[in-house]
Amino acid sequence: MTGSRTAWAAPLTAGALIAQQVGGNAIRDGLFLSFFAVQSLPYYMAGAAVLAILAAQLSGRLLTRLGPARVVPVLFASNAALFVVEWLLLEPRPRVATTLLYVHTSVLGAIAISSYWSLLNERFDPHSAKPMMARVAAAATFGGFVGGVSVERIVAVFPLKTLLPLLGLIGGISVAGALVVRIGVPSRRASATGEPGPVGLLQQFRDQRLLRDLALVVALAAIVAALAEYLLKAQAVAYFGQGPPLVRFFGLFYAFTGLGTVVVQALLGRVALTRLGLGGSVATHPAMVGMAGLLAFVLPSPWRGIFPRVFDVVVRNSMFRAGYELLYTPLAEATKRSAKSFIDVAFDCAGKGIGAGLILVLVALVPSNPTAAVSLAIAVAAASEFQIARRLRGGYVSALEGGLRRQDDHLEQAVEYSMADFTVATSIAGLDRLAVLQAVGSAGTTRQTTLPDDPVVAAIAEFRSGDLLRIRAALRDPPQDPLIIGALVQLLARDGLVRTASHALVAFGARAAGEMVSALLDPDTSEVVRRRLPLALKSCPSPIARDGLLIALATSGFDVRLRCGRALLALTDAHPELSTAFPDALSLVAREVGSSGEPHLVREHIFNLLALALDREPVRIAARAFTTDDAYVRGTALEYLETVLPPPIFAVLWPILSASPLPSTNRRPASEVRADLIRAGTTITVSLDELRRQLDTTPEEI
């Protein structure tokens with residue numbers, strides 16, 4: 001029940017949150033330009049940047065210390081309450097309300113969105129996260145579009161101030177959704193090493209070239225955004241005037257830039273990552289916005305302000321964000337909670353503050369034509385961002401080679417995304433392994449360095465060493481990091497390591513199911529590994545393991561099919577929640593009659609298939625019956641099979657079950673024959689418990 005609630009609560013919350021943010025931005029821009037001159041905008045940008053830097057550091061410490069499950073609902077509630085406060089202040093104190101709204105949406109809104117993504121990352125395991133994040137991203141994108149269009153329609157019909165309490169109501173929906181989503185998040189405090197203060201953050205930036213370059217890229221991109229935003233708003237005020245028409249314009253602007261982000265990401269996102277790499281995807285932002293800044297010299301009003309800002313919003317939230325978020329994958333969870341949050345919010349706002357100061361200087365130096373000066377500044381800042389973006393690949397390779405230590409047992413091996421924009425998750429969730437590897441380029445092949453201080457890298461190196469003693473030593477206490485699963489699977493090819501490697505795989509539980517099933521079904525996997533994988537899969541409590549074993553029953557090798565049948569029975573016996581009807585198993589029986597395996601193994605496999613499709617207890621008794629000389633038991637078993645099986649299947653089975661003539665075609669009721677068979681089971685010399693142990697237990701596979 002909890003899972004089903006979360007399945008709809010997570011996307012609904014995302015859609016409400018982004019719709020609220022888009023609506024807040026639209027009314028913020030419209031009100032600000034109605035009560036204040038556009039020349040005062042840089043001062044507000046700079047002030048919001050200072051507050052955001054302090055707020056980002058505080059939120060990073062709270063998230064690290066308390067966890068997103070506790071922090072996010074409080075942030076959402078505060079966000080919603082401020083809209084109500086601003087509504088109450090708007091009529092008596094419009095300038096105060098507008099100032100509060102500007103700071104509120106610029107600082108708290110961005111932090112709330114980023115924190116919600118952290119909550120989702122800790123709520124879902126990597127596996128269940130992919131389909132969930134795709135739904136969340138789609139809902140968020142749709143929410144942004146609906147939010148922008150709704151602002152335009154509401155302002156066209158109702159008084160402007162009506163929008164603020166509606167945004168507060170949407171915030172209430174977000175709070176309720178966050179409370180549902182947080183159910184199931186482990187309530188744990190981060191270790192002391194995971195709570196870096198200012199000194200710790202400074203040390204991280206000194207040690208990590210990648211962090212320094214990412215911070216510079218974010219700051220420069222924010223400078224470009226601030227310049228483009230000023231240019232847009234100056235042109236919008238000059239063209240649309242003040243009041244409701246301006247709010248309606250911004251509502252439509254945010255709606256259609258959100259829609260444009262989805263289209264660009266769907267058409268070009270994967271191509272950019274594959275062809276350009278991670279750094280190249282990030283570099284698309286300065287390249288496109290810089291070009292639009294130069295076009296502003298020849299475009300008419302208001303398009304000279306619209307085009308640079310459109311390219312800034314659309315490209316930054318699509319191709320730029322896809323490459324940017326993947327660059328964080330080598331970093332540890334503590335870094336992603338602290339340094340990444342600081343970069344995403346603090347450096348972004350610091351860049352906007354620098355951009356605001358630059359605007360003031362340009363307007364003062366070129367008062368006769370500030371539009372041309374700002375357009376030129378956009379091109380220059382974009383060129384600087386482009387140069388830094390080209391260095392990102394080298395920093396990413398260094399981060400991979402550094403092998404950052406994992407800080408705790410709960411690290412999730414998943415790409416983390418910033419909630420500064422949800423739309424990127426659609427593309428990242430759909431990326432395949434080949435696309436990511438091509439995006440990284442030759443990062444994994446330029447140098448083969450084993451770092452002994454990283455337990456995961458060290459364990460993999462030992463597993464691939466070929467030295468039996470070193471492998472056995474590494475298998476005694478392997479790290480519980482999913483990255484080693486592939487190496488463990490390959491160890492199944494080594495005689496003498498089968499059970500040890502299997503136990504190590506079993507220790508991962510359901511997390512190992514996907515990779516093991518992939519290897520089992522891959523025809524390029526060695527036959528010996530495919531034969532031995534069911535030994536581990538039978539103890540893997542996952543629907544993926546069950547379904548993979550079922551699919552493997554139709555593979556070409558008899559030995560693989562035999563072991564998959566055994567494993568599937570053992571798995572579903574040990575975990576009844578995975579048991580389900582396998583009627584297709586009957587269709588495989590006829591093929592197995594002519595299999596090239598040894599007769600007793602063929603018969604065993606056939607009865608395993610029958611046990612999967614029929615009532616297991618009588619089928620198992622029937623299987624044991626054909627190993628005895630008791631004619632009564634054998635006859636009862638034959639009659640049972642004839643009663644419950646379709647005639648064509650029973651006719652095919654008959655030659656391997658008995659050399660006697662076919663029994664009479666007069667069929668007795670299945671329930672009556674089943675009762676006789678179970679009663680006859682008491683005459684078998686081997687007890688039912690022993691029979692079960694014999695059927696479920698196999699010697700070490702070779």
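See the values below:
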quantity	calculated
Carbon plus sulfur fraction of accessible area for segment 557-596, probe 1.4 Å, in percent	53 percent
Among 565-576, 517-528, 209-220, the order from most to least packed when residues are scored by Cβ within 10 Å on average	209-220, 565-576, 517-528
Karplus 3J(HN,Hα) series, Hz, for segment 80-91 with 6.51 cos²θ - 1.76 cosθ + 1.60 (x for Gly, Pro)	5, 5, 5, 5, 5, 4, 5, 5, 5, 8, 4, 6
Full-extension gain in nm, Glu598 to Leu294, via 0.36 nm per residue minus C-alpha separation	101.7 nm
Listed peptides 595-607, 381-393 by packing density, highest first (mean Cβ within 10 Å)	381-393, 595-607
Point-to-point label distance, Phe36-Ala510, nm (Cα→Cβ direction, 7 Å offset)	5.0 nm
Hz values of 3J(HN,Hα) by residue in segment 143-157 - Karplus curve (6.51, -1.76, 1.60), Gly and Pro given as x	x, x, 5, 5, x, x, 5, 5, 4, 4, 6, 5, 5, 6, 10
Per-residue ³J(HN,Hα) for segment 374-388, Karplus 6.51 cos²θ - 1.76 cosθ + 1.60, θ = phi - 60°, Hz, x for Gly and Pro	5, 4, 5, 5, 4, 5, 5, 5, 5, 5, 5, 4, 4, 5, 5
Distance in nm between pseudo-label sites at Arg470 and Asp573 (7 Å out along the Cβ direction from Cα)	4.1 nm
Solvent-accessible heavy-atom area per residue, rounded to whole Å², over segment 218-327 at 1.4 Å	34 Å²
Nearest-20 debye value, segment 531-615 charge dipole, Cβ charges on Lys, Arg, Asp, Glu	280 debye
Difference of contour (0.36 nm per residue) and Cα-Cα distance, Ala81 to Asp495	142.5 nm
Pairwise FRET efficiency - Val263 versus Ala156, Cβ, R0 = 30 Å, nearest 0.05	0.70
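The values are calculated or read from the model by the stated rules, or taken from the named source; none is laboratory data. This is a predicted model, so every value here is computed, not measured. Don't worry about glycine lacking a Cβ; one is built from the backbone with ideal geometry, like all the others, and counts go over all protein chains shown. SASA here: full protein model, heavy atoms, side chains in, ligands and nucleic acids out. Shrake-Rupley method; radii C 1.70, N 1.55, O 1.52, S 1.80 Å.
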